[in-house]
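Asks: Here it is, the structure in full.
Readers should treat all values here as calculations from the given coordinates under stated rules, not as data from a laboratory. These numbers come from a predicted model, not from an experiment. Using ideal geometry, Cβ is built from the backbone for each residue, glycine included, and neighbour counts are taken over all protein chains shown.
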Ligand code: ADP
């Protein structure tokens with residue numbers, strides 16, 4: 001178990017939240033936030049009361065993904081009121097520290113001129129608020145988008161609140177997979193059960209002919225039941241005794257949906273969209 005530092009408050013449950021599911025990746029850019037938001041929307045679609053908490057300090061992407069912005073208001077208990085879209089409640093560092101967000105019109109990142117020590121304090125305060133002072137109302141599941149990596153922020157969050165389970169997002173690439181295994185080790189040390197791994201960008205589905213290409217293949221572990229899809233992640237899951245939760249294809253539409261703030265699970269109905277959506281629903 002992880003040694004508790006002196007003087008820290010007892011680890012608590014987030015008020016009015018039944019289960020906290022953390023979505024993590026050892027590296028940035030593997031699609032952690034995309035999977036987290038689509039997972040949360042999949043739960044919401046099934047009538048499960050769901051929220052998403054974006055704890056990514058330096059690259060909060062939930063506001064963009066859910067097409068939400070603006071400062072959250074405080075309720076009578078001085079708790080932050082989540083912003084809601086597509087039936088999903090959300091709270092994000094991006095709402096509290098607006099200077100870290102890109103300008104949605106120009107795509108430019110404004111220069112943050114806040115002195116570094118102030119910034120540190122602001123981040124600490126904002127993180128505390130995010131973890132302890134959000135009025136989620138009754139929620140069945142809170143999906144927590146963790147910052148990438150296995151560093152201090154992840155440890156701090158785990159020391160302050162109870163995480164019921166973790167989902168690890170990886171790509172089939174060798175390096176990403178090795179990092180994912182490191183992430184697994186972190187959760188083991190923190191005594192957080194790992195619910196399973198998601199293999200994002202598993203294959204490229206050609207929009208014209210439907211042919212599936214394994215972009216990130218590293219040519220190992222061919223198996224008659226692997227349906228031509230990379231098996232490195234499957235083998236790793238087996239070795240670690242972790243569930244494999246599913247494949248998400250590398251698909252330009254998934255990226256486009258994310259960019260315009262209407263994630264795949266809630267994007268317009270069409271035959272192709274329903275297939276894409278199903279990949280996320282299967283993981284949920
Ligand atoms: P992370 O949270 O791991 O940094 P993001 O979820 O922000 O990663 O995704 C990084 C980029 O990759 C985004 O532009 C996103 O739209 C894109 N992306 C993520 N998953 C897919 C996918 N399955 N197919 C196509 N693009 C994807």
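Asks: Compute the Cα gyration tensor for the stretch 15-104, then decide on rounded, prolate or oblate, letting a ≥ b ≥ c be the square roots of its eigenvalues: rounded whenever a/c is under 1.5, prolate when a/b is larger than b/c in the other cases, and oblate in all that remain. Can you show the working numbers first?
Replies: Numbers: a/c = 1.56, a/b = 1.02, b/c = 1.53.
Because a/c hits 1.5 or more and a/b fails to exceed b/c, the stretch 15-104 counts as oblate.
Asks: Between residue 13 and residue 81, what is the label-to-label distance in nm when each label sits 7 Å out along the Cα-to-Cβ direction?
Replies: The two pseudo-label positions are separated by 2.6 nm.
Asks: Then there is this: If each residue of separation counts as 0.36 nm, what is the full-extension length gain between residue 209 and residue 189 once their alpha-carbon separation is subtracted?
Replies: On the way: separation 20, 0.36 × 20 = 7.20 nm, distance 4.55 nm.
My answer for the length gained is 2.7 nm.
Asks: Sorting 76, 236 on the 10 Å Cβ count, fewest up front, what's the list?
Replies: Working: 76 6, 236 20.
Fewest to most other Cβ atoms nearby, the residues stand as 76, 236.
Asks: Return 42, 25, 69, 270 ranked ascending by Cβ neighbour count within 10 Å, so the fewest neighbours appear first.
Replies: Details: 42 23, 25 29, 69 15, 270 11.
Least crowded to most crowded, the residues run 270, 69, 42, 25.
Asks: Classify the stretch 17-283: rounded, prolate or oblate, from the alpha-carbon gyration tensor (a ≥ b ≥ c, eigenvalue square roots; a/c under 1.5 rounded; otherwise prolate if a/b is larger than b/c)? It would help to have the intermediate numbers written out before the result.
Replies: Values: a/c = 1.68, a/b = 1.43, b/c = 1.18.
Since a/c reaches 1.5 and a/b is larger than b/c, the shape of the stretch 17-283 is classed as prolate.
Asks: Continuing with this model, one more query. Working out 0.36 nm times the residue gap between residue 122 and residue 48, then minus their Cα-Cα distance, what length gain in nm do you get to one decimal? Kindly include the intermediate steps, with their values, before the conclusion.
Replies: Details: separation 74, 0.36 × 74 = 26.64 nm, distance 3.31 nm.
Here the segment from residue 122 to residue 48 would lengthen by 23.3 nm.
Asks: Something else now. What is the calculated FRET efficiency for residue 178 to residue 58, with r their C-beta to C-beta distance and R₀ = 25 Å, to the nearest 0.05? Provide the component values of the computation, followed by the final result.
Replies: Details: r = 23 Å, r/R0 = 0.92.
Taking R0 as 25 Å, the efficiency between residue 178 and residue 58 is 0.60.
Asks: Sorted from fewest to most neighbouring beta carbons within 10 Å, what does the list 190, 197 look like? Working shown, then result.
Replies: Values: 190 18, 197 26.
Final ranking by Cβ density, sparse to dense: 190, 197.
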